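The values are calculated or read from the model by the stated rules, or taken from the named source; none is laboratory data. Everything numeric here is computed off the predicted structure, so don't read it as measured data. With ideal geometry, Cβ positions are generated from the backbone for all residues, glycine too; neighbour counts draw on all protein chains shown.
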Amino acid sequence: MILPDAEHILSLDYLRADDQQKVAVGYLAEMTDQEWLRQKAEGKGQNYLEHIKKQLSNKAALPRVLTRPGLPKQQRRQPSFREAALETAKRLEAISKITEGLPDTVHAVVCGGSMAYGRFFSIRGNPDPSDIDLLYVVEQDFFTNGDIENIFSANRGFSNVEGLSERAKKFDGLYTRIEADMMSHKLRYDDFLVSAKMFPFSAFKKEYIDDPLQAFEEGHDVHAVVRDYKERPYSTPFFTQYNFLHEPLPVTITQEVMADGSAITSIPSFIIQDGHFYTGDHHNHVIPAASIEALLDPSVVDILVQFGALLSTRAKHEQMRYNRSDINVLNVQDRKGVFSPQKRDDAVWKTKGYIV
């Protein structure tokens, strides 16, 4: 098996109910992820991924608990352990190729979303494959000196890169004129998408630390936005953000559509309303976990650590203010229902919600 100590879990007769299977599969996912991280640190990560693919190749020979999907959660199909592990391995191999040999205009590449919090557990393949969410923290020169063409190229495995260079140059003008804060682009890689979110360093620091810290210190309500230069506008004008009580707040977004069909979309950066803090869309990409896939500038890690500490402090502040023990940082995540029990409990236990 993938894990020597997993045999007793897979042999148990009671693993029929969805909640029981979720606990067992969550355990396997966490142990597999820890083993992968250990093997990666020793320079053996690729060999371990090959081992996983070999062990799970024959579906018919595997215990039913490894091949049985979970029940849908939050309108999302929940994969079996076999599917999630194979699809995770495929994406980890892609990330390794995507992030090697980066130019010095890239401060860091941060992996968020399901490939940070759901490896080996919630990663889906076709027909509804999970994206890879990558946050690129870059210098402004990155958008104009040709680096963007080199790192998002066919040589690295990307397709549909046409027009990206022109978009980058247009963004540079928008950023210089203070009309847009960051740029995003979805690229095809194999049979899934890579959602690349490109932040000039100052914009990244502003969204994750400077603006929230200033708002907390001043103590007033604020609806902060970040202007994302997108390939095309969102199909819906509404976002829903959550506070530490997991109370929803519908937000109407504004979109300026360009002549070429691209758009500058003002999405929530964060919100403080009636004393409650609601994280922004990009914040939630790194809650409850973020994975640093390339690091040329350690200050990016410092920013994420400060962000986590800021959230934890604010959560404790609201715990005391409202005398509510159920307040924790993990409640801000709109997708917390798809976390494994182990990931959910671990995040809440460590800092009442957030760990980088």
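Here is a yes/no grid of residues against (1) of a type in the set (A, V, I, L, M); (2) over 27 Å from residue 97 (Cβ atoms); (3) out of contact with any Leu (no Cβ under 9 Å at 6 or more places or on another chain):
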residue	(1), (2), (3)
156	no, no, yes
166	no, no, yes
188	no, no, yes
196	yes, no, no
210	no, yes, yes
220	no, yes, yes
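Set side by side, the residues 259, 203, 224 differ, and just one is in a loop (DSSP other than H, G, I, E, B) and not hydroxyl-bearing (Ser, Thr, Tyr), which is 259. Does residue 125 satisfy the condition of being closer than 18 Å to residue 185 by Cβ, touching a residue at least 40 places away in the same chain (Cβ under 8 Å) and in contact with a helix residue (DSSP H, G or I) (Cβ under 9 Å, 6 or more places away or on another chain)? No; evaluated as a whole, the condition is false for this residue. Within the range 40-55, residues that are in a helix (DSSP H, G or I) sit with their Cβ atoms under 7 Å from residues that are of a type in the set (Gly, Ala, Ser), at 6+ positions apart or across chains, in these pairs: 49/89; 52/85; 52/89; 53/89.
For residue 274, the conditions (1) surrounded by fewer than 16 Cβ atoms within 10 Å (Cβ to Cβ); (2) of a type in the set (D, E, K, R); (3) closer than 30 Å to residue 166 by Cβ all hold with the exception of (3).
Would you mind stating whether residue 250 is over 30 Å from residue 21 (Cα atoms), in contact with a Phe, Trp or Tyr (Cβ under 7 Å, 6 or more places away or on another chain) and surrounded by fewer than 15 Cβ atoms within 10 Å (Cβ to Cβ)? So residue 250 passes the test.
When residue 306 is tested against (1) surrounded by fewer than 16 Cβ atoms within 10 Å (Cβ to Cβ); (2) farther than 30 Å from residue 75 by Cβ, exactly one condition is not met: (1). Can you give me the number of residues within the range 168-186 that are of a type in the set (Ser, Thr, Tyr) and over 29 Å from residue 96 (Cβ atoms)? Summing the residues that are of a type in the set (Ser, Thr, Tyr) and over 29 Å from residue 96 (Cβ atoms) in the range 168-186 gives 2.
Residue 336 falls short of the stated requirement of being free of Cβ contacts under 8 Å to residues at least 40 places away in the same chain, under 25 Å from residue 117 (Cα atoms) and touching a Lys or Arg at 6+ places or on another chain (Cβ under 9 Å). How many residues does the range 262-295 hold that are of a type in the set (S, T, N, Q), within 12 Å of residue 334 (Cα to Cα) and either in contact (Cβ under 8 Å) with a residue 60 or more places away in the chain or not in a strand (DSSP E or B) (or both)? Residues in the range 262-295 being of a type in the set (S, T, N, Q), within 12 Å of residue 334 (Cα to Cα) and either in contact (Cβ under 8 Å) with a residue 60 or more places away in the chain or not in a strand (DSSP E or B) (or both): 1 in total.
Reported count of residues in the range 126-140, each being more than 16 Å from residue 284 (Cβ to Cβ) and of a type in the set (Asp, Glu), is 2.
Only one of the numbered conditions (1) buried (at least 18 other Cβ atoms within 10 Å of the Cβ); (2) without any contact (Cβ under 8 Å) to a residue 60 or more places away in the chain; (3) over 19 Å from residue 135 (Cβ atoms) is not met by residue 242, and that is (2). Only a single item in (1) at pLDDT below 95; (2) farther than 30 Å from residue 72 by Cβ; (3) of a type in the set (Ser, Thr, Tyr); (4) not in a helix (DSSP H, G or I) is not met by residue 229, and it is number (1).
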